[in-house]
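Student: Have a look at the structure that comes next, please.
No value in this document is a laboratory result; all are computed from the given coordinates. Worth saying up front: this structure is predicted, and the values here are computed from it rather than measured. Backbone-built Cβ (ideal geometry, glycine too); neighbour counts: all protein chains shown.
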Amino acid sequence: MIKVLHLSDIHLGSGFSHGRINPETGLNTRLEDFVKTLSFCIDRALKEPVDLVLFGGDAFPDATPLPVVQEAFAAQFRRLADANIPTVLLVGNHDQHSQGNGGASLCIYRTLAVPGFIVGDKLELHTITTQKGQIQVITLPWLTRSTLLTRPETEGLSLEQINYLLIEKLNPALEGEIRKLDPHLPTILLGHLMVDRATLGAERLLAVGKGFTVPLSILSRPEFEYVALGHVHKHQNLNKDNNPPIIYPGSIERVDFSEEKEEKGFVLVEIEKGKVNWEFCPLSVRPFCTLEVNVSEQTDPETAILNTLAKKDINDAVVRLIYHIRSEQLDLINTATLQEALSSAHSYTIRPELVSQLARPRLPELGVGTHLDPIEALKTYLNNRDDLKDIESDLLDAAQKLLNNDNTHEDELEDIENHSPKNQLTLL
């Protein structure tokens with residue numbers, strides 16, 4: 001059987017905001033994370049060894065990556081060329097110029113005629129000779145309206161209508177490549193696209209909506225032993241019957257917090273005509289951790305935040321701390337203390353979010369249509385205000401005297417107010 005490594009969505013050069021500069025190398029630590037993870041994938045390809053590597057697109061965040069990022073990518077894939085392992089580099093949406101013309105960031109490998117490398121920037125059948133025999137790969141890069149349609153064809157149409165036209169054009173174009181297949185050789189469809197039944201990962205934010213959605217039925221063909229996909233960052237198999245397996249391996253690193261809970265990895269495939277086995281291989285990547293706490297009802301909000309931090313392992317993680325707080329509590333938080341508590345994290349952000357008093361949840365007992373004695377209503381309110389516990393009895397006494405028209409109530413109210421640092425009586 002031919003052994004294949006399928007990976008996708010490297011996005012080398014992403015996530016710099018979640019890293020810091022390594023003083024020893026001068027590089028952003030998140031770039032180093034991405035290179036380390038990519039290196040592990042290549043290590044696995046060499047160790048097996050595999051007979052073919054399929055990259056499902058999106059090498060970089062855009063079509064014009066920094067030279068240091070291009071060099072890091074090339075240094076890893078050069079190892080495959082040195083080992084005589086054929087490799088297909090599919091063009092994804094991030095690999096194209098904004099106009100969608102060609103794979104600007106990947107076509108250099110074709111220009112330089114890197115041995116064994118194929119750049120998939122158009123719908124095309126490739127017959128590849130490996131150490132274990134021949135295999136067919138149909139490349140289906142990220143398609144835009146300009147790829148299959150002319151401007152007059154799309155003028156005045158809605159996005160939904162354009163999507164329908166694109167699928168109408170794609171069907172016969174793909175059928176044309178399928179008819180070229182050698183029925184005796186195993187076949188893989190390698191596509192960078194959004195399938196209509198996929199569960200979205202970070203691409204919801206990065207690029208979804210800029211292309212078009214492909215129905216699963218187009219990919220579920222008996223001519224394919226395996227469908228290797230790229231674009232969606234969450235690993236998933238869209239065809240549980242595995243006839244054929246339609247697999248997104250997902251991205252190899254977390255791009256942002258939308259991928260915080262997603263497992264990252266690649267797929268190893270063993271394939272021959274009429275038979276395929278595949279395995280998802282998890283990668284050990286840097287954890288992302290969101291800590292969100294509401295301290296708006298706490299008398300000591302800083303301690304409450306520190307207690308939340310103490311319960312979570314944040315060592316070497318990318319952390320974002322979000323705490324909900326009232327404006328009058330802000331002076332009770334020492335940012336330097338929070339920074340010290342977060343110092344074991346790889347990087348962190350601290351985001352206070354103000355809670356409006358108007359947004360405080362209303363008590364059902366005090367809602368419209370309820371009938372409570374004024375003192376009982378006040379007691380109900382005070383029972384839900386931890387910050388007024390110290391003066392609760394004084395407030396109740398003062399309220400009772402107000403109701404009794406006690407002539408001394410003004411002096412007593414003034415005395416209570418003088419003992420309240422927050423001037424809480426204004427809330428009554």
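Student: For Ser39 and Ser344, calculate 0.36 nm times their separation in residues minus their Cα-Cα distance, and state this gained length in nm to one decimal.
Tutor: Stretched fully, the Ser39-Ser344 segment lengthens by 107.2 nm.
Student: Output the relative contact order of segment 207-359, whole-number percent, from Cα pairs under 8 angstrom with separation of 6+ residues.
Tutor: RCO, segment 207-359: 15 percent.
Student: OK, next. What residues qualify as long-range amide H neighbours of His126, i.e. H under 5 Å apart, gap of 5 or more or another chain, H built at 1.01 Å from N?
Tutor: Close amide H contacts, sequence-distant or interchain: Val137, Ile138, Thr139.
Student: Among 222-234, 130-142, 311-323, what's the highest-first ranking by average C-beta atoms within 10 angstrom per residue?
Tutor: 222-234, 130-142, 311-323
Student: With a cut-off of 8 Å between alpha carbons and a minimum separation of six or more residues, what is the relative contact order of segment 2-282 in percent?
Tutor: 20 percent
Student: First measure r as the distance between the Cβ atoms of Thr335 and Arg385, then evaluate 1/(1 + (r/R0)^6) with R0 = 30 Å and state the FRET efficiency to the nearest 0.05.
Tutor: 0.65
Student: According to a simple spin-label model (label point 7 Å from Cα along Cα-to-Cβ), what is the distance in nm between Asp397 and Asn22?
Tutor: According to this spin-label approximation, the distance is 6.7 nm.
Student: If you take every residue apart from Ala345 with its C-beta less than 12 Å away from the C-beta of Ala345, what net charge results, scoring Lys and Arg +1 and Asp and Glu -1?
Tutor: +1
Student: How high is the relative contact order of segment 1-102? Use alpha-carbon pairs under 8 Å, at least six apart in sequence, and give a whole percent.
Tutor: After rounding, I find 34 percent.
Student: Can I ask one more? For segment 288-305, in order, what is each residue's ³J(HN,Hα) by Karplus, 6.51 cos²θ - 1.76 cosθ + 1.60 with θ = phi - 60°, in whole Hz (x at glycine and Pro)?
Tutor: Result, rounded to whole Hz: 10, 9, 9, 10, 10, 9, 9, 10, 5, 9, 8, 6, 10, x, 4, 4, 4, 5.
Student: Grab the Cα-Cα distance for Asn243 and Asp313, subtract it from 0.36 nm times how many residues apart they are, and report the gain in nm with one decimal.
Tutor: Computed gain between Asn243 and Asp313 is 21.0 nm.
Student: Next question. Calculate, in nm to one decimal, what Glu297 and Thr213 gain on full extension: separation in residues at 0.36 nm each, minus their alpha carbon distance.
Tutor: The span from Glu297 to Thr213 would gain 25.6 nm if fully extended.
Student: Among Leu90, Leu181, what is the fewest-to-most ranking by other Cβ atoms within 10 Å?
Tutor: Leu181, Leu90
Student: Which links in Lys180/Lys240; Lys261/Lys312; Lys36/Lys264 stretch past 19 Å when you go from one Cα to the other?
Tutor: Too far apart for the 19 Å limit: Lys180/Lys240.
Student: Quick query: amide H of Gly57 versus all other amide H atoms, modeled in the peptide plane; which residues come in under 5 Å with a sequence gap of 5 or more or a different chain?
Tutor: Under 5 Å from the amide H of Gly57: Asp9, Leu90.
Student: I need the phi-derived Karplus couplings for segment 315-331: 6.51 cos²θ - 1.76 cosθ + 1.60, θ = phi - 60°, integer Hz, Gly and Pro marked x.
Tutor: Per-residue couplings from phi come out as 4, 6, 8, 8, 10, 10, 9, 10, 10, 9, 8, 7, 4, 6, 8, 4, 5 Hz.
Student: Once phi is turned into θ = phi - 60°, what whole-Hz ³J(HN,Hα) does the Karplus curve with 6.51, -1.76 and 1.60 give for every residue of segment 15-28, x standing for Gly and Pro?
Tutor: Going residue by residue, I get x, 4, 5, 9, x, 8, 7, 7, x, 7, 10, x, 9, 5 Hz, with x marking Gly and Pro.
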